[in-house]
1. Multiplying the sequence separation of Lys52 and Ala177 by 0.36 nm and subtracting their Cα-Cα distance, what value in nm do you get?
2. About the Cα centre, and with charges only on the beta carbon of Lys, Arg (+1) and Asp, Glu (-1), how big is the dipole of the chain? Nearest 20 debye, please.
3. Along the positive direction of the dipole of the chain (beta-carbon charges: Lys, Arg +1; Asp, Glu -1; about the Cα centre), which of Pro136, Gly285, Gly92 reaches farthest?
4. Roughly what % antiparallel, to the nearest 5, for the DSSP beta bridges in the chain?
5. Residue separation times 0.36 nm, minus the C-alpha to C-alpha distance between Lys220 and Leu253: what's the value?
6. In degrees between 0 and 90, to the nearest 10, how far off the longest principal axis of the chain does helix 33-43 point, with axes built from Cα atoms?
7. Just going by the charge dipole of segment 160-254, with Lys and Arg at +1 and Asp and Glu at -1 on Cβ, which of Gly191, Ala207, Ala221 is farthest out on the positive end?
8. For His8 and Ala195, what does the FRET efficiency come to when R0 = 41 Å and r is the distance between their Cβ atoms, rounded to the nearest 0.05?
Amino acid sequence: MILYPIEHPDKFHKFGMSPSKGVLFYGPPGCGKTLMAKAVAHECSSNFISIKGPELLTMWFGESEANVREVFDKARGAAPCVLFFDELDSVGIARGSGAGGDAGGAGDRVLNQLLTEMDGVGAKKNLFFIGATNRPDILDEALIRPGRLDQLIYIPLPDKPSRHAVIKAVLRKSPVAPNINFDFLAELTDGFTGADLTELCQRATKAAIRESIEADEQRKALMKENPDGDQAMAEAMEDPVPVITRKHFEEALAAARKSVTAYDLDKFEQFRRKYDPAYAAKVAGSTTVKINWPEDDRSQFQQNAADDDDLYS
């Protein structure tokens, strides 16, 4: 969606199509939606402007809308640019729902301004929007209609290969015992998000650090008690905790938790079925659609000289 219009504009011109401008990443929290947006911008070597939804809202009347205009002006000046709205549900909540809790209706005005700016970007500007939310069900439907954030992409919980990759990435600079099997850890952590896996690895690392500090303190206490002992031998002693061991991971797994419940996943499933017809058809078991096309009618492509644009004649 973003790479092709920048690298192959001639193809879009050939087929007479203006490229899609917006995409919405939705899914459980902690699954890498923000990271995915940064990776996309890096991959296509375009500028990247990240906006947290609550940053746009202020207490002063009219200033929130001005903030939206300023962000879009900055993005137009930096084209090609990816404009990333994190926590989109804070400003994209359905209008008139009253869920924002603001008596002045600042949230509705900000959303109106946002929709206006999205429509007025212009076809010649290589400006793309990426929104990220873990509450897609409360978004205003005007925001996710075709022409705005029309590409809806679900970022799910990581599968086993993904969990293996996350654990490996988090522990890439940590000394880990050779008998720690990342593949086995990935099996044990079914249903964990990327953030849960990061916390698990941090807990194991902290357990190793704590044990290492305690061992150092015990060594110092022994040296104080026996000052005449061979100090050189004491210094040459092996590190008691050189690596993160199975014991540390067992301690971490005992305190690990899943941050996403089955109820949360069910809400995403319902949203996905509603707004992704292809996925709904796949779940229902029908993958292909049979269409009985009519016979060729080439006359529809011929220009009729008698036709004019007067609708009232």
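Just so it is clear, none of the values below were taken in a lab; they were calculated from the coordinates. Not measured: the values here are computed from a predicted model. Backbone-built Cβ (ideal geometry, glycine too); neighbour counts: all protein chains shown.
1. Working: separation 125, 0.36 × 125 = 45.00 nm, distance 3.97 nm.
The Lys52-Ala177 span can extend by a further 41.0 nm.
2. Working: 38 positive and 48 negative charges, 65 e Å.
The calculation lands at about 320 debye.
3. In the chain, that residue is Gly285.
4. Working: 1 of 22 bridges.
Counting only bridges with both partners in the chain, antiparallel ones make up about 5 percent.
5. Values: separation 33, 0.36 × 33 = 11.88 nm, distance 3.13 nm.
This chain segment gains 8.8 nm when fully extended.
6. 70 degrees
7. Gly191
8. On the way: r = 36 Å, r/R0 = 0.88.
The computed FRET efficiency comes out at 0.70.
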